[in-house]
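In what follows, a structure is listed as structure tokens, so that the remarks can point back to it.
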Amino acid sequence: MRLCSIASGSSGNCIYVGSEATHLLVDVGISGKRTESGLNSLGLTGNDLDGILITHEHADHISGLGVMARKYGVPIYGTPGTIEAIRNTASIGKIDDSLFHEVREDVKLTIKDLTVNPMKISHDAAWPVAYRIGYGNRRIGICTDLGVYNDYTVECLKGMDAVLIEANHDVNMLQVGPYPYYLKQRILGDRGHLSNENSGRLLSRILHDKLQTIILGHLSKENNLPELAYEAVRMEITLGENPYNANDFRMMVANRSDLSPVINIA
């Protein structure tokens with residue numbers, strides 16, 4: 001089972017998860033050309049895709065969806081609210097209705113040899129979800145765009161072999177930065193984005209001995225730095241109420257515009 005961030009950040013998100021037989025994307029928030037280039041780097045083409053899982057309808061998660069859907073006829077999975085919002089997004093263009101497949105949180109679906117478990121998240125979108133993807137007894141969690149986490153979030157993400165978790169902003173950078181007040185409040189709110197510190201606190205509650213890799217994703221270009229996110233999350237893990245030290249785990253920050261290293265889940 002492989003995990004690779006093709007792009008992750010406030011300007012565009014596209015994550016690959018696959019097995020030898022099944023190839024999925026989580027979101028296509030970059031151009032079709034960049035998406036195809038990323039797939040090519042993994043030895044794949046758009047024709048190899050078995051599905052695109054959409055977390056929600058914001059542009060940084062769907063901007064390349066129309067192109068990929070029309071060119072390759074890839075099945076699209078999303079909640080009823082997300083699908084309706086995509087249909088009403090003029091910039092995406094027309095997508096054949098037969099390509100849409102509804103998913104609901106906590107209802108498992110199977111795509112060839114992979115299982116997909118959507119989970120609820122708190123974000124200011126129509127009907128957003130995060131995804132857990134499994135192959136045999138291996139599981140990967142991809143969870144971004146959540147303003148707040150709770151016990152449900154923690155329970156959903158326990159037992160993962162790899163996770164891609166949002167570390168969107170440094171609170172101080174956001175507060176003194178150029179964003180207007182209303183946007184700062186949105187990002188800081190319960191339906192906004194996770195700060196570096198809250199990302200570390202969430203991770204501290206889901207760590208376990210067999211967690212192989214942590215990827216920090218969806219960093220804000222204006223309100224965060226990769227080095228800052230990395231060190232802030234590591235500090236929360238090391239100082240938090242858990243039996244681990246940050247050095248116990250492989251951790252990396254997903255690149256905004258380039259592929260991350262490919263994570264092979266043994």
Surrounded by 12 or more Cβ atoms within 10 Å (Cβ to Cβ) and at pLDDT 95 or above: does that describe A90?
no
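Of all helices (runs of 4 or more DSSP H) completely enclosed by the stretch 1-99, which ones contain at least 2 residues that are under 24 Å from N264 (Cα atoms) and in contact with a Gly (Cβ under 7 Å, 6 or more places away or on another chain)? Step through it out loud before you land on a result.
On the way: elements: 32-41, 59-62, 65-72, 80-87.
Counting at least 2 such residues, we get 32-41.
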Could you tell me whether any residue of the stretch 119-127 is assigned to a helix (DSSP H, G or I) and among the aliphatic types (A, V, I, L, M)?
no
From the set of residues in the stretch 179-192 that are in contact (Cβ under 8 Å) with a residue 24 or more places away in the chain and outside any helix (DSSP H, G or I), which is surrounded by the most Cβ atoms within 10 Å (Cβ to Cβ)?
G192
Any residue at all in the stretch 147-155 that is free of Cβ contacts under 8 Å to residues at least 24 places away in the same chain and either touching a strand residue (DSSP E or B) at 6+ places or on another chain (Cβ under 8 Å) or small (G, A, S) (or both)?
no
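Can you tell me which of N223, N117 is farther than 20 Å from R250 by Cα, more than 16 Å from the chain's Cα centre (by Cα), polar (S, T, N, Q) and modelled with pLDDT of 95 or more? Step through it out loud before you land on a result.
Working: N117 fails: more than 16 Å from the chain's Cα centre (by Cα).
Result: N223 is the single residue among N223, N117 that is farther than 20 Å from R250 by Cα, more than 16 Å from the chain's Cα centre (by Cα), polar (S, T, N, Q) and modelled with pLDDT of 95 or more.
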Positions within the stretch 72-110 being within 15 Å of P128 (Cα to Cα) and among the acidic types (D, E), in sequence order
E84, E102, E105, D106
For M119, all conditions in the list (1) closer than 20 Å to V103 by Cα; (2) out of contact with any Cys (no Cβ under 7 Å at 6 or more places or on another chain) hold save one; what is the number of the exception?
(2)
Among the residues of the stretch 160-181, write down those that are closer than 15 Å to S10 by Cα and among the aromatic types (F, W, Y).
Y179
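Suppose we filter V148, V176, V154, V171 for residues that are of a type in the set (A, V, I, L, M), open to solvent by 10 Å² or more (accessible area, probe 1.4 Å), modelled with pLDDT of 95 or more and under 17 Å from the mean Cα position of the chain (by Cα); which single one remains?
Numbers: V176 fails: under 17 Å from the mean Cα position of the chain (by Cα); V154 fails: open to solvent by 10 Å² or more (accessible area, probe 1.4 Å); V171 fails: under 17 Å from the mean Cα position of the chain (by Cα).
Going through V148, V176, V154, V171 in turn, just one is of a type in the set (A, V, I, L, M), open to solvent by 10 Å² or more (accessible area, probe 1.4 Å), modelled with pLDDT of 95 or more and under 17 Å from the mean Cα position of the chain (by Cα): V148.
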Write out, first by first residue and then by second, each pair whose Cβ atoms fall under 7 Å of each other, whose residues are 6+ apart or on separate chains, and whose first residue, in the stretch 27-48, is under 20 Å from I86 (Cα atoms) and open to solvent by less than 10 Å² (accessible area, probe 1.4 Å) while the second is polar (S, T, N, Q) and not in a helix (DSSP H, G or I).
D27/N13; D27/T55; G29/N13; G29/S63; I30/S63
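Kindly indicate the residue of the stretch 94-116 that is in contact (Cβ under 8 Å) with a residue 24 or more places away in the chain and open to solvent by 40 Å² or more (accessible area, probe 1.4 Å) and also nearest to E155 (Cα to Cα) among those meeting that condition.
So the first thing to find is which residues in the stretch 94-116 are in contact (Cβ under 8 Å) with a residue 24 or more places away in the chain, and the list is 94-96, 99-105, 109, 111-114, 116.
The next check asks that each one be open to solvent by 40 Å² or more (accessible area, probe 1.4 Å); those that pass are 94, 96, 101-102, 104-105, 112-113.
Details: K94: 38, D96: 36, H101: 26, E102: 24, R104: 17, E105: 14, K112: 26, D113: 24 Å.
Among those residues, the one meeting the criterion is E105.
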Got at least one residue in the stretch 54-66 being polar (S, T, N, Q) and surrounded by fewer than 18 Cβ atoms within 10 Å (Cβ to Cβ)?
no
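How many of the residues making up the stretch 193-240 are aliphatic (A, V, I, L, M), closer than 20 Å to Y179 by Cβ and either open to solvent by 20 Å² or more (accessible area, probe 1.4 Å) or part of a helix (DSSP H, G or I) (or both)?
Initially, the stretch 193-240 is screened for residues aliphatic (A, V, I, L, M), giving 194, 202-203, 206-207, 211, 214-216, 219, 225, 228-229, 232-233, 235, 237, 239.
Restricting the remaining residues to those that are closer than 20 Å to Y179 by Cβ gives 194, 219, 225, 228-229, 232.
Narrowing the set further to residues that are either open to solvent by 20 Å² or more (accessible area, probe 1.4 Å) or part of a helix (DSSP H, G or I) (or both) leaves 225, 228-229, 232.
Looking only at that region, the number is 4.
Suppose the filter is open to solvent by 60 Å² or more (accessible area, probe 1.4 Å), at pLDDT 95 or above and of a type in the set (A, V, I, L, M, F, W, C); does V262 pass it? Working first, answer last.
On the way: open to solvent by 60 Å² or more (accessible area, probe 1.4 Å): no; at pLDDT 95 or above: yes; of a type in the set (A, V, I, L, M, F, W, C): yes.
Against the criterion (open to solvent by 60 Å² or more (accessible area, probe 1.4 Å), at pLDDT 95 or above and of a type in the set (A, V, I, L, M, F, W, C)), V262 does not qualify.
Could you list, in sequence order, the residues of the stretch 73-87 that are surrounded by 18 or more Cβ atoms within 10 Å (Cβ to Cβ) and within 18 Å of Y16 (Cα to Cα)?
Filtering the stretch 73-87 for residues surrounded by 18 or more Cβ atoms within 10 Å (Cβ to Cβ) gives 74, 76-79, 82-83, 85-86.
Answer for the stretch 73-87, where residues must be surrounded by 18 or more Cβ atoms within 10 Å (Cβ to Cβ) and within 18 Å of Y16 (Cα to Cα): V74, I76, Y77, G78.
The values are calculated or read from the model by the stated rules, or taken from the named source; none is laboratory data. Please read all numbers here as calculations on a predicted model, not as lab measurements. Every residue, glycine as well, gets a Cβ built from its backbone with ideal geometry; the counts of neighbours run over all protein chains shown. We work out accessible area using only protein heavy atoms, side chains counted, and drop any ligands, DNA or RNA first. Shrake-Rupley method; radii C 1.70, N 1.55, O 1.52, S 1.80 Å.
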